[in-house]
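> This is the structure I have questions about; it appears just below.
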Amino acid sequence: MRFVPVKSEETQGAASVFRVRELLIRQRTQTINALRGHLVTYNASLVALLNHYGTIPRAYRPYRAKTKGKIERPFRYIRQDFFLARSFRNLDDLDAQFDAWRTEVANPRLHATSRRIVDEAFADEKPALKRLPAIPYPRRFHAMMGTDST
């Protein structure tokens, strides 16, 4: 058996302070990492667009089926029912085709979930909507092409 000499009060106090300091540093790091895990970083262009219209982005919890489908389904509908099998000469042509599709196909239809005509639902909600800004948001159009495009 090996005997270790008793440490002085100063040595024990310094060791205790060191352990407490290490504990506080670990807890601070854990807290910072937990906060970073909950922070959301938004695209600057999105934030500018939403600020122009007087609103802010809202992030939903990831992997939550209840909100995920509500957020993504309208985009899937537009992608599958409008964009597929269409071509556009320019941005004005895209706008014209989209306006025609929206007024002739999308808005007169019976909504699958609410079982209401989309135009009628919009008419009911219109009085509660905010007015749009007098100056429209400046449009920027960037064509994105995959590497396999010709």
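Bear in mind that the values in this text are calculations on the coordinates, not laboratory data. Note that the structure is a prediction, hence the values are computed from the model and not measured. Quick reminder, even Gly has a Cβ in these numbers, built from the backbone with ideal geometry, and neighbours come from all protein chains shown.
> Please give me, ordered by residue number, the chymotrypsin sites (Phe, Trp or Tyr not before Pro) of the stretch 1-91 that lie in loop per DSSP and have at most 14 other Cβ atoms within 10 Å.
Phe3, Tyr42, Tyr53, Tyr60, Tyr63, Phe88
> Let me understand the stretch 63-128 better: what is its radius of gyration from the alpha carbons, and its Dmax, in angstrom?
14.0, 39
> Can you figure out the FRET efficiency of Arg115 with Lys66, using R₀ = 22 Å and their beta-carbon distance, to the nearest 0.05?
The formula returns an efficiency of 0.65 here.
> Now for a different question. Taking the chain as a Gaussian network, Cα atoms linked when under 10 Å apart, which of Ala48, Ala128, Ala15 shows the biggest mean-square fluctuation?
Between Ala48, Ala128, Ala15, it is Ala15 that shows the largest mean-square fluctuation.
> Here is a follow-up. Under 10 Å, Cα contacts only: if you run a Gaussian network model on the chain, which one of Ile117, Ile25, Ile78 comes out with the highest mean-square fluctuation?
Result: Ile25 has the largest fluctuation of those listed.
> How big is D, in µm² s⁻¹, for the stretch 13-59 by Stokes-Einstein at 20 °C and 1.002 mPa s if Rh is the Kirkwood radius over C-alpha pairs?
The calculation lands on 155 µm²/s.
> Report the residue, chosen from Thr11, Thr31, Thr103, that carries the largest GNM mean-square fluctuation when the chain is represented by alpha-carbon nodes joined by springs under 10 Å.
Largest GNM mean-square fluctuation: Thr11.
> Karplus couplings for the stretch 100-114 from phi (6.51 cos²θ - 1.76 cosθ + 1.60, θ = phi - 60°), rounded to Hz, Gly and Pro as x?
The phi angles translate into 5, 5, 5, 7, 9, 10, 6, 6, x, 6, 7, 5, 5, 8, 7 Hz.
> Also: Binning every alpha carbon pair distance of the stretch 1-82 at 10 Å from zero, what are the percents per bin?
So the P(r) values, bin by bin, are 13, 19, 23, 12, 11, 10, 8, 4, 0.
> Oh, and also: Under a 5 Å amide H to amide H cut-off, with H placed in plane at 1.01 Å, what residues pair with Ile117 once short-range neighbours are removed?
His111
> DSSP loop trypsin sites (Lys or Arg not before Pro) in the stretch 27-91 with at most 11 other Cβ atoms within 10 Å of their Cβ, which ones?
Arg58, Arg64, Arg86, Arg89
> Next up: (i) 1.84; (ii) 1.02; (iii) 1.94: which one is Cα Rg over 2.2 N^0.38 Å as calculated from this entry?
(iii)
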